[in-house]
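Colleague: Got a structure here, written out as structure tokens. Questions coming.
The values are calculated or read from the model by the stated rules, or taken from the named source; none is laboratory data. Here the structure is a predicted model, which means the values were calculated and not measured. Cβ: placed from backbone, ideal geometry, glycine included. Neighbour counts: every protein chain shown.
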Amino acid sequence: MEKSMQKYLDKAEVLIEALPYIQRFNRKIIVVKYGGSAMVDETLKERVIQDVTLLKLVGFKPIIVHGGGKEISKWVGKVGMEPEFVNGLRVTDEATMELAEMVLGKVNKSLVQLVESLGVRAIGISGKDGKLLSVEKKYADGEDIGFVGEITHVNADILYDLLEKDFLPIVCPIGLDDAYQTYNINADDAACAIARAMKAEKLAFLTDIEGVYKDPDDPDTLISELPVTEAEALMNQGYIGGGMLPKLQNCIDAIENGVSRVHILDGRIPHCLLLEIFTNKGIGTAILNDTDERYYQGE
Ligand SMILES: Nc1ncnc2c1ncn2[C@@H]1O[C@H](COP(=O)(O)OP(=O)(O)O)[C@@H](O)[C@H]1O
Ligand SMILES: CC(=O)N[C@@H](CCC(=O)OP(=O)(O)O)C(=O)O
């Protein structure tokens, strides 16, 4: 066979290999949490959005929940304030809240624009729209951290309606409490609450590290499959810090509350979502129920 022909055959094979995965996830809801730390540059952002758009076009029902923590910190610094976090949650006073809402709104529309440019209809909404995300004030180990919201209710009907009309929803983690006060929500919390409410098949966190490490400074300690009990032990023993803390807590929450597959992936790896979904390559960290057969069978 001609060499040039083989090249096309190889491409066709890749598509055929994807068939069982396309069938498995057909019409299933996949929540993609796109972290601000993985929005490294426009090329990478475009690749991530291409992946999600492709998932939509082959029949999945993706929902993007995005962050923007790094960009918020940049602007907090620009106005002369110091970003402050407790247990991975931003201490949010009134001025920080205003900046966070502005920055997250901009990130939201930039993602909408990218999806639209690829020919898929996207709707960007914050948790305020249609009161998608109701919250109450959240404390960090009893400490008052300002206008940080704990989600009390997800108005899932809005997202079902958007999916029904074939839109790709893109959600920004801002919410309202009962008095209609604005709150800043950690995007990992928002993604988990939405995945639970929508009974998602999969929840994937795209971040700036390969997955969960026992020691983030030692590349040999990446954990590819992490059962809940072990994850809890790692957190209690102090192996997990910073933004990984709310992420892992949310992974556990999601897997214990009906989300079938929960993954932490390196959003800086080109097409990491496609690699995770359409191949057996097993990238990143999968959080599993302690009894999950995959853990024992090495799926
Ligand atoms: N044990 C650990 N394994 C992996 N990452 C960790 C660990 N402990 C702390 N981290 C930190 O968590 C960060 C990811 O959280 P974060 O910066 O909030 O990402 P995102 O913006 O995607 O939510 C990593 O870049 C890493 O520095
Ligand atoms: C309360 C809280 O921590 N809110 C986050 C919301 C954005 C976010 O979570 O962004 P990443 O996913 O990029 O970290 C913040 O202000 O940074």
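Colleague: Only residues in the stretch 196-221 that are closer than 13 Å to Val65 by Cα and within 13 Å of ligand 1 (Cβ to nearest atom) count as the first member; pair them with residues that are part of a helix (DSSP H, G or I) and hydroxyl-bearing (Ser, Thr, Tyr), Cβ under 8 angstrom, at least 6 apart or cross-chain, and list the lot.
Modeller: Filtered contacts from the stretch 196-221: Thr207/Ser37.
Colleague: Residues Asp189, Asp178: which one is loosely packed, with under 14 Cβ neighbours inside 10 Å and charged (D, E, K, R)?
Modeller: Numbers: Asp189 fails: loosely packed, with under 14 Cβ neighbours inside 10 Å.
Of the residues listed, the single one that is loosely packed, with under 14 Cβ neighbours inside 10 Å and charged (D, E, K, R) is Asp178.
Colleague: Across the stretch 194-228, what is the total count of residues that are closer than 30 Å to Lys128 by Cβ and either in contact with a Cys (Cβ under 7 Å, 6 or more places away or on another chain) or within 16 Å of ligand 2 (Cβ to nearest atom) (or both)? Let's see the steps before the verdict.
Modeller: Start the filter on the stretch 194-228 by keeping residues that are closer than 30 Å to Lys128 by Cβ, which leaves 194-208.
After this cut, where a residue has to be either in contact with a Cys (Cβ under 7 Å, 6 or more places away or on another chain) or within 16 Å of ligand 2 (Cβ to nearest atom) (or both) as well, the list is 194-195, 203-208.
The total comes to 8.
Colleague: Keeping to the stretch 74-97, report how many residues are more than 8 Å from ligand 2 (Cβ to nearest atom) and assigned to a helix (DSSP H, G or I).
Modeller: 8
Colleague: Which of the residues belonging to the stretch 268-290 are closer than 21 Å to Met198 by Cβ and in contact with a helix residue (DSSP H, G or I) (Cβ under 8 Å, 6 or more places away or on another chain)? Even if it seems obvious, please write down each step before you answer.
Modeller: Restricting attention to the stretch 268-290, the residues satisfying the condition of being closer than 21 Å to Met198 by Cβ are 273, 276-277, 286-289.
Matches in the stretch 268-290: Leu273, Ile277, Ala286, Ile287, Leu288, Asn289.
Colleague: Just for strands (runs of 3 or more DSSP E) wholly inside the stretch 117-169: which have at least 3 residues that are exposed (fewer than 13 other Cβ atoms within 10 Å of the Cβ) and of a type in the set (D, E, K, R)? Reasoning before the result, please.
Modeller: Working: elements: 122-126, 133-140, 143-154.
Qualifying strands (runs of 3 or more DSSP E): none found.
Colleague: Turning to a different aspect of this structure: Out of everything in the stretch 32-73 that is free of Cβ contacts under 8 Å to residues at least 24 places away in the same chain and part of a helix (DSSP H, G or I), what residue ends up being nearest to ligand 1 (Cβ to nearest atom)? Let's see the steps before the verdict.
Modeller: Just the residues of the stretch 32-73 that are free of Cβ contacts under 8 Å to residues at least 24 places away in the same chain, to begin with: 41-43, 73.
So of that shortlist, the ones also part of a helix (DSSP H, G or I) come out as 42-43, 73.
Details: Glu42: 17, Thr43: 18, Ser73: 10 Å.
Filtering first and then ranking leaves Ser73.
Colleague: Would a scan of the stretch 185-192 turn up a residue that is away from ligand 2 (no atom under 16 Å from the Cβ) and acidic (Asp, Glu)?
Modeller: No, that holds for no residue.
Colleague: Any residue at all in the stretch 137-156 that's within 19 Å of Ile240 (Cα to Cα) and either modelled with pLDDT under 95 or among the aromatic types (Phe, Trp, Tyr) (or both)?
Modeller: Taking the stretch 137-156 and keeping what is within 19 Å of Ile240 (Cα to Cα), we get 140-141.
Filter once more, keeping what is either modelled with pLDDT under 95 or among the aromatic types (Phe, Trp, Tyr) (or both): 141.
Yes: the stretch 137-156 contains one or more residues that are within 19 Å of Ile240 (Cα to Cα) and either modelled with pLDDT under 95 or among the aromatic types (Phe, Trp, Tyr) (or both).
Colleague: So, in the stretch 236-290, exactly how many residues are under 30 Å from Asp141 (Cβ atoms) and within 16 Å of ligand 1 (Cβ to nearest atom)?
Modeller: 29
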